[in-house]
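The values are calculated or read from the model by the stated rules, or taken from the named source; none is laboratory data. Values in this document were obtained by computation on a predicted structure and should not be read as measured data. Methodologically, a virtual Cβ is constructed for each residue, glycine included, from the backbone with ideal geometry; neighbour enumeration extends over all protein chains shown. To get the accessible areas, we keep the full protein, side chains included, count just its heavy atoms, and leave off ligands, DNA and RNA. Shrake-Rupley method; radii C 1.70, N 1.55, O 1.52, S 1.80 Å.
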Amino acid sequence: MKYQCKTCSFQWEGTSYTFDKVRDHEKTHSKNKTIRCKVCNASKNSVNVKNNSDEKWECQNCGNILDINGLISS
């Protein structure tokens with residue numbers, strides 16, 4: 001299998017067992033990311049969210065304070 005990124009010069013050639021490298025690469029180009037609450041499945045659109053961000057948000061449906069991955073933040 002082969003993959004050529006349409007946005008940059010990233011190329012990949014391998015098997016389906018190594019395709020996770022392509023998925024990880026595509027996340028670097030993500031501009032709009034939908035985050036889902038893991039409690040009630042409500043969604044929030046987030047623009048230019050960085051991985052490992054400390055941003056927290058309140059779910060409008062269940063009221064829990066969630067982290068960038070939609071998990072309850074303590």
Exercise. For residues in the stretch 45-59 being open to solvent by less than 80 Å² (accessible area, probe 1.4 Å) and polar (S, T, N, Q), which is modelled with the highest pLDDT?
Worked result: Ser46
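Pick out the one residue from Cys37, Cys62 that is over 27 Å from Gln4 (Cα atoms), at pLDDT 85 or above and hydrophobic (A, V, I, L, M, F, W, C). Can you show your working first?
On the way: Cys37 fails: at pLDDT 85 or above.
After ruling out the rest, the residue left standing is Cys62.
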Exercise. Which residue pairs have Cβ atoms under 8 Å apart, sit 6 or more places apart or on different chains, and have a first residue in the stretch 1-29 that is charged (D, E, K, R) and at pLDDT below 85 and a second that is in a loop (DSSP other than H, G, I, E, B) and open to solvent by 100 Å² or more (accessible area, probe 1.4 Å)?
Worked result: Lys27/Asn51
Seminar exercise, completed: Flagged pairs (Cβ under 9 angstrom, 6 or more apart or on separate chains; first in the stretch 57-74, in contact (Cβ under 8 Å) with a residue 60 or more places away in the chain and over 17 Å from Thr34 (Cβ atoms); second crowded, with 16+ Cβ neighbours inside 10 Å and of a type outside the set (A, V, I, L, M, F, W, C)) are none
